[in-house]
Every structure is written in C-alpha cells, then in structure tokens.
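Notes follow once the structure below has been shown.
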Amino acid sequence: MSIASLPVLDLALAENPETAEQFRTQLRDATHDMGFFYLVGHGIPDALQRRLLTVAREFFALPLTEKLAIENLRSPHFRGYTRLGGELTEGKQDWREQIDIGAEQPAATRTATSPDWEILQGPNQWPDALPELREVITEWNDELTGVALRLLREWAVALGQDPHIFDAAFAKDPSILIKVVRYPGRPKDAGTQGVGGHKDAGVLTLLYVEPGKAGLQVEHNGDWIDAPPLEGALVVNIGELLEVATGGYLKATVHRVISPEGAGERISVPFFFNPNYATQVPEFDLPPELAKHATGVTVDANNPIHDSYGANALKSRLRAHPDVAARWWPDIVAVRLY
C-alpha cells in the first residue's frame, strides 16, 4: 500500500515512562515499514541550526580557489571538498558540491596485512578562510551524537534487546561522517539528479535540510514519496547495517534528491552515525513475533552488503569518488569488487 508522507515521531515521548513504549512502537513500525521518518522533540537548539545553515552558506560562497585548496583529491582518506559534479551515484554524476568531514584521527600505519578500510582513517581538511566551520561542525557533531545514541537504545528495546547492545560497537572511535552539501539549481532540461537513488551504507543517518527546500524523495513500494523539510524536524533513516543487525526486519531504503530548478539552491547536512570501522554490528536474536517478519538481508549482486562498517563504507567511497581512489589507492581498486 502506498503512503503520502513520512511518519512523524516525537523523541520527547521516550523521556516519559508513560509514553516511552508508545514511542518505541512507533519507531519500530516506522522503520520496519518504511525506514524513514521525521524526528521532532530532539532538543537541538534552534540557534545552532541557524548557525549551521549560515556557516554552510559562507563556505560555499568562498572563492573556488579557497575550496579547491581542501579538495578531496588532496586527501587519501576521501575528506574535504568535492567540486560540483565530482561525485557519482550508480555511475552517474550527482549535481552538488560538498565537504566531507569525518572523525578526526591520525592516518593508520598500513602493513601488508592491513584491512583495506584503514585507508578511510585520517585527518580532515578545513578551510583556513572559515575557522567557524570547524567550530560549528564540532558542536553539531556533539549534539547529534547524543540524539543518535538515544535512538539506538530505543531501537534496541523496541526490538526486544538489551538497551545497551550497541554500546560496545560505538564506545571507541565511532566512524562519524558529516557532509555539508549544496544543491544548485539546474535549467529545466539539464537533468534532475541532485544525488541518485541509493541506500546509506552505515547504521543511522540524521539529516538537516534547509527550511522550505524540497527535493528529497524516498522509495516505498515502487513509488517515490516527497519528503520536504518539516519545521523543527530532522529526517532520520536507517542504513544497511541495521538491516544486517535485524536480519532484514528493518530495511535500508532507497532515496534520492531532485535538483532545484532555475536559480534556486538547497543546503542539507547529513550526519552518518556509525561504529568503529573494525566493528561487526551485533546480529539480534529477535522475539518470535518479530523474527517471522524478518525477510533476510537484501541480496543484490550490484550492491553487496558487508557486516563490518569499514568494508561497507569503503564500498561506498570507492564507488562515489573513483578519482580519489585512482589517485591514492590504485592497488586496492585493481583487486576489489566492492
């Protein structure tokens, strides 16, 4: 059955013992049925949301030379600025520019036996001309990490697990990725792919979208559902590793962004919350009443789902940024089939 819009969940319900079970039921149902929802009651200050949008606009307004000084081609860890049209989804060019910011870490010391995903560990690139970007993104990271951990514990209970089942996977060096993205307008006949249809490779995504700017679409039962920003809400979706953890009871959902038309633009900031690269997400022993609806992990020869975040994240990075991969890691590209 088709639906017209994403469900709306209020995290404040989880704080009240009298309504916590109501929230967990809504959370379980929304992510079993659709994999996407709006989240209100998250407690993120309005002032911080405004600062995030302001600093994003300031970054994209920098001269191109300033942005290219931190281009991702300069980073063996796929960090930094991606120029307009410099990322691919399903082999097709996405029409957006962005900066990728991950957990700040030293580069791994690689050996002959190092796992390939270690190439993703490393420092970020920050624009010298805009130190405020680092300040605001650090604060945003701290706020959304708290929201993400609360959601994971509510999911665990909703699925019949210990509320702390995820804690070990996220306790040390979680692999957070934040993208600050600008979708510029395109002429009417110049294509619509802001970002093509895809599933997120990790556990959990929390998305901030500039107020009033539509474009996000979510696939459900073969239809595309518009998901415009809802005032005060984050858009939340699960990634492929929650599908692994639940044996397919929860399903990662295909979504895309349609480019604005004409002179418009759209700012969005997805926050991808994931465990340490080396971690294998725990597989749940679901209660029988849920397990009978778990249909197994999606099998797609063109998109294998790995059970460790590092392997799944590397799959995504190699596909999205083949130019970075070819420059820094041709030996990995030559032998890896994702």
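The values are calculated or read from the model by the stated rules, or taken from the named source; none is laboratory data. All of these numbers come straight from a predicted model, not from anything done at the bench. Quick reminder, even Gly has a Cβ in these numbers, built from the backbone with ideal geometry, and neighbours come from all protein chains shown. Heads up: the accessible areas ignore ligands, DNA and RNA and are worked out on the full protein's heavy atoms, side chains in. Shrake-Rupley method; radii C 1.70, N 1.55, O 1.52, S 1.80 Å.
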**Request:** Scan (1) farther than 30 Å from Leu52 by Cα; (2) in contact with a Phe, Trp or Tyr (Cβ under 6 Å, 6 or more places away or on another chain); (3) open to solvent by 40 Å² or more (accessible area, probe 1.4 Å); (4) not acidic (Asp, Glu) for the single condition Thr246 breaks and write down its number.
**Result:** (3)
**Request:** Answer yes or no: is there a residue in region 178-185 that is crowded, with 17+ Cβ neighbours inside 10 Å, among the basic types (Lys, Arg) and within 17 Å of Phe271 (Cα to Cα).
**Result:** yes
**Prompt:** Which of (1) open to solvent by 30 Å² or more (accessible area, probe 1.4 Å); (2) farther than 24 Å from Gly310 by Cβ; (3) not polar (S, T, N, Q) is the odd one out, the single condition Arg110 does not satisfy?
**Reply:** (2)
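So in region 12-30, with the set limited to residues that are touching a Leu at 6+ places or on another chain (Cβ under 8 Å) and of a type in the set (S, T, N, Q), which one is farthest from Val157 (Cα to Cα)?
Quick first cut of region 12-30, residues touching a Leu at 6+ places or on another chain (Cβ under 8 Å) only: 19-20, 22-23, 26-28, 30.
Then drop every residue that is not of a type in the set (S, T, N, Q), which leaves 19, 22, 26.
Working: Thr19: 14, Gln22: 12, Gln26: 12 Å.
Taking the candidates together, the pick is Thr19.
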**Complete:** Among (1) part of a loop (DSSP other than H, G, I, E, B); (2) open to solvent by less than 30 Å² (accessible area, probe 1.4 Å), Asp173 falls short only on (2)
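Mind listing just one residue for me: the one in region 68-87 that is among the small types (Gly, Ala, Ser) and at negative phi and, of those, most open to solvent (accessible area, probe 1.4 Å)?
Ala69
Condition first: outside any strand (DSSP E or B) and open to solvent by 10 Å² or more (accessible area, probe 1.4 Å). Now tell me which residues in region 211-231 satisfy that. Show your work before the answer.
Taking region 211-231 as the starting set, the residues that turn out to be outside any strand (DSSP E or B) are 211-215, 221-222, 227-231.
Selection gives Pro211, Gly212, Lys213, Ala214, Gly215, Asn221, Gly222, Pro228, Pro229, Leu230, Glu231.
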**Item:** Subset of region 106-127 [under 20 Å from the mean Cα position of the chain (by Cα) and small (Gly, Ala, Ser)]
**Value:** Gly122
**Message:** Suppose the filter is modelled with pLDDT of 95 or more and within 27 Å of Pro127 (Cα to Cα); does Tyr249 pass it?
**Reply:** no
**Request:** Inspect all residues belonging to region 1-15 and state whether any of them is out of contact with any helix residue (DSSP H, G or I) (no Cβ under 9 Å at 6 or more places or on another chain), modelled with pLDDT of 95 or more and open to solvent by less than 70 Å² (accessible area, probe 1.4 Å).
**Result:** no
**Request:** Could you please tell me which pairs satisfy a Cβ distance under 6 Å, a separation of 6+ or placement on different chains, a first residue in region 144-156 that is in a helix (DSSP H, G or I), and a second residue that is charged (D, E, K, R) and open to solvent by 10 Å² or more (accessible area, probe 1.4 Å)?
**Result:** Glu154/Arg24
**Prompt:** Just checking, which of Gln105, Gln121 is farther than 17 Å from Trp329 by Cβ, open to solvent by 20 Å² or more (accessible area, probe 1.4 Å), in contact (Cβ under 8 Å) with a residue 24 or more places away in the chain and not charged (D, E, K, R)?
**Reply:** Gln105
**Message:** Anything in region 47-67 that is in contact with a strand residue (DSSP E or B) (Cβ under 7 Å, 6 or more places away or on another chain) and open to solvent by 10 Å² or more (accessible area, probe 1.4 Å)? List them, or say none.
**Reply:** Gln49, Leu53, Arg57, Phe60, Lys67
**Asked** Would region 167-175 turn up any residue that is among the basic types (Lys, Arg), without any contact (Cβ under 8 Å) to a residue 60 or more places away in the chain and over 30 Å from Gln22 (Cα atoms)?
**Response** no
